[in-house]
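One structure, pasted below without further comment.
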Amino acid sequence: MASLDPPEQAPARRSTAHRWLLVIPFLWQVALVPVVNDVDVAPLHIPFLMLWQMLGIVATTVVIAVVFRLDRAAGVDDEERRFAAATEPGAGERA
């Protein structure tokens with residue numbers, strides 16, 4: 001017989017629009033390189049394109065850290081925990 005318990009409601013989904021920030025590093029590395037490729041300035045005797053790439057690594061690190069913090073504030077940790085618990089193989093099953 002089917003159970004008459006009401007179905008478990010999923011918690012309200014919080015916004016994850018901040019993940020669009022992850023497009024910034026892609027645009028930095030791919031879309032803007034043709035623009036900065038012809039710059040002849042060499043600060044600290046480093047070719048500008050190399051400096052641009054190194055700054056891109058720093059910018060990417062900052063963007064990923066910001067998205068990580070915003071994900072935690074949006075409750076993504078709880079969502080991942082529920083998903084892991086729901087997909088965990090049972091004690092008698094083999095993975």
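The values are calculated or read from the model by the stated rules, or taken from the named source; none is laboratory data. Keep in mind the model is a prediction, meaning the values are calculated, not measured. Glycine gets a Cβ as well: all are built from the backbone with ideal geometry, and neighbour counts include every protein chain shown.
Only residues in the stretch 56-85 that are of a type in the set (S, T, Y) count as the first member; pair them with residues that are surrounded by 12 or more Cβ atoms within 10 Å (Cβ to Cβ) and part of a helix (DSSP H, G or I), Cβ under 7 angstrom, at least 6 apart or cross-chain, and list the lot.
T60/P25
Would you check if there is a residue in the stretch 63-74 being among the aliphatic types (A, V, I, L, M) and over 19 Å from F26 (Cβ atoms)? Write out each step before concluding.
Looking only at the stretch 63-74, we keep the residues that are among the aliphatic types (A, V, I, L, M), and these are 63-67, 70, 73-74.
The next check asks that each one be over 19 Å from F26 (Cβ atoms); those that pass are 73-74.
The answer is yes, given that some residue of the stretch 63-74 is among the aliphatic types (A, V, I, L, M) and over 19 Å from F26 (Cβ atoms).
Also, quick follow-up: Taking the stated definitions as given, is R19 surrounded by 10 or more Cβ atoms within 10 Å (Cβ to Cβ) and modelled with pLDDT under 85? Step through it out loud before you land on a result.
Working: surrounded by 10 or more Cβ atoms within 10 Å (Cβ to Cβ): yes; modelled with pLDDT under 85: no.
Against the criterion (surrounded by 10 or more Cβ atoms within 10 Å (Cβ to Cβ) and modelled with pLDDT under 85), R19 does not qualify.
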